[in-house]
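Let me begin by presenting the structure, written as structure tokens, before commenting on it.
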């Protein structure tokens, strides 16, 4: 009896959940792919999105506007520019400033009105 109540509760949660923003569906995003929006005025306007840089699996941690993060993540996940896999070793993830994940943890800041990432020293 408890299990049946749990299943009903789960079903109700799915129905009552937020409706996805139609502008952030994979169909809409892939129909008009574009680079992420990077505009900002303060650091809090920025977020990090991880992109696939090449067919080896090398990542790029890039800074994007918080408001564009959902669209950028859907675009990367659903309609990536690099689909095929090569027989090569993935290199360390690279930040916008050229630093790599070997340097430390990724951070994002608003620099000259554009969101930019860097790997901070440990």
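The values are calculated or read from the model by the stated rules, or taken from the named source; none is laboratory data. None of the values given here were measured: they were computed from a predicted structure. We place every Cβ from the backbone using ideal geometry, glycine too, and count neighbours over all the protein chains shown.
Residues checked against (1) surrounded by fewer than 18 Cβ atoms within 10 Å (Cβ to Cβ); (2) in contact (Cβ under 8 Å) with a residue 12 or more places away in the chain; (3) under 17 Å from residue 94 (Cβ atoms):
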site	(1), (2), (3)
33	yes, yes, no
57	yes, yes, yes
60	yes, yes, yes
64	no, yes, yes
68	no, yes, no
71	no, yes, no
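Quick one: would you say residue 70 is over 30 Å from residue 121 (Cβ atoms), out of contact with any strand residue (DSSP E or B) (no Cβ under 8 Å at 6 or more places or on another chain) and modelled with pLDDT of 90 or more? It is true that residue 70 is over 30 Å from residue 121 (Cβ atoms), out of contact with any strand residue (DSSP E or B) (no Cβ under 8 Å at 6 or more places or on another chain) and modelled with pLDDT of 90 or more. Within region 103-117, is there a residue that is out of contact with any helix residue (DSSP H, G or I) (no Cβ under 6 Å at 6 or more places or on another chain) and either more than 20 Å from residue 46 (Cβ to Cβ) or part of a helix (DSSP H, G or I) (or both)? So far as region 103-117 goes, yes, one or more of its residues are out of contact with any helix residue (DSSP H, G or I) (no Cβ under 6 Å at 6 or more places or on another chain) and either more than 20 Å from residue 46 (Cβ to Cβ) or part of a helix (DSSP H, G or I) (or both).
Going by the structure shown, is residue 85 outside any loop (DSSP other than H, G, I, E, B) and surrounded by fewer than 20 Cβ atoms within 10 Å (Cβ to Cβ)? Spelling it out, it is not the case that residue 85 is outside any loop (DSSP other than H, G, I, E, B) and surrounded by fewer than 20 Cβ atoms within 10 Å (Cβ to Cβ). Please verify whether region 13-29 includes one or more residues that are exposed (fewer than 14 other Cβ atoms within 10 Å of the Cβ), at pLDDT 90 or above and in contact with a helix residue (DSSP H, G or I) (Cβ under 9 Å, 6 or more places away or on another chain). Taking every residue of region 13-29 in turn, none turns out to be exposed (fewer than 14 other Cβ atoms within 10 Å of the Cβ), at pLDDT 90 or above and in contact with a helix residue (DSSP H, G or I) (Cβ under 9 Å, 6 or more places away or on another chain).
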